[in-house]
Amino acid sequence: MAQFRLQGSRVLAVDLTGDAVKAKNGSMVAYDGRMTFKKMTGGGDGLRGMVTRRLTGEQMTVMEVKGQGTCFFADRASEISLVSLHGDKLYVEASNLLCTDAGLRTGTAFTGLRGGATGNGLFTTTVEGTGQAAIMSDGEAVVLRVAPQYPLYVDPGAYIAHQGSLQQKFQSGVNFRTFMGEGSGESFQIRFEGDGLVYVQPSERNTIGGDV
């Protein structure tokens with residue numbers, strides 16, 4: 001299995017010994033050894049994944065990197081975090097997914113959370129199986145624990161990913177900008193309940209769902 005390690009906080013190094021990884025297209029910045037690169041259509045597994053992404057707008061163009069040596073990945077100086085999966089599932093915004101073990105299954109799941117969130121929509125990318133994934137954030141990602149009886153409220157623009165036994169609810173009313181007098185119109189939050197982890201970034205995307 002490929003070995004993931006960080007070089008600083010903004011470059012991912014992946015050591016390959018004949019195995020492969022799937023990475024965001026165009027994110028390779030350097031490599032040593034012998035590598036092959038193959039563009040993959042759709043980003044999901046098989047024809048179903050490709051069609052689903054076209055219908056939902058959850059875009060993720062990926063490439064398969066295979067060989068012997070070390071490959072280095074980065075994207076727009078984003079901060080990178082490593083997530084280890086042990087037969088469980090990670091839900092992540094497509095724009096925040098940098099690289100996964102080739103053996104991890106990727107797909108698309110309906111969330112119905114963020115209304116008309118620009119570029120994020122009502123669907124999100126799933127990564128499932130055993131292996132590692134690298135996710136990106138604008139600024140250092142913060143990992144927040146959700147425990148039973150203690151729900152977590154997240155601004156849609158700051159949400160990156162989540163994993164564990166979590167239920168999500170789309171909630172209108174107040175968002176964080178409203179408290180500062182900067183909100184206009186109806187605003188929304190994501191409410192997480194259950195037991196798991198939520199990854200957020202300290203910088204917000206511009207989303208219609210966050211402030212309408």
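The values are calculated or read from the model by the stated rules, or taken from the named source; none is laboratory data. Since the model is a prediction, treat every value here as computed from it, not as a measurement. In this analysis, Cβ positions are derived from the backbone assuming ideal geometry, glycine residues included, and neighbour counts consider all displayed protein chains. To get the accessible areas, we keep the full protein, side chains included, count just its heavy atoms, and leave off ligands, DNA and RNA. Shrake-Rupley method; radii C 1.70, N 1.55, O 1.52, S 1.80 Å.
Other residues with beta-carbon under 9 Å from the beta-carbon of Met1 carry, at +1 per Lys or Arg and -1 per Asp or Glu, a net charge of -2.
Karplus-derived 3J(HN,Hα) values for the range 14-31, using 6.51 cos²θ - 1.76 cosθ + 1.60 with θ = phi - 60°, are 10, 8, 10, 10, x, 8, 9, 9, 10, 9, 4, 4, x, 8, 6, 10, 5, 7 Hz; glycine and proline are entered as x.
Of the whole protein surface, Phe72 contributes about 50 Å² of accessible area at a 1.4 Å probe radius. Under 5 Å between amide hydrogens, built in the peptide plane, is the criterion, and for Asp19 it picks out Gly67 among residues at least 5 positions away or on other chains.
Listed values for the range 141-151 are Karplus-derived 3J(HN,Hα) couplings in whole Hz (6.51 cos²θ - 1.76 cosθ + 1.60, θ = phi - 60°), namely 5, 10, 9, 10, 8, 10, 10, x, 6, 10, x, and x replaces Gly and Pro.
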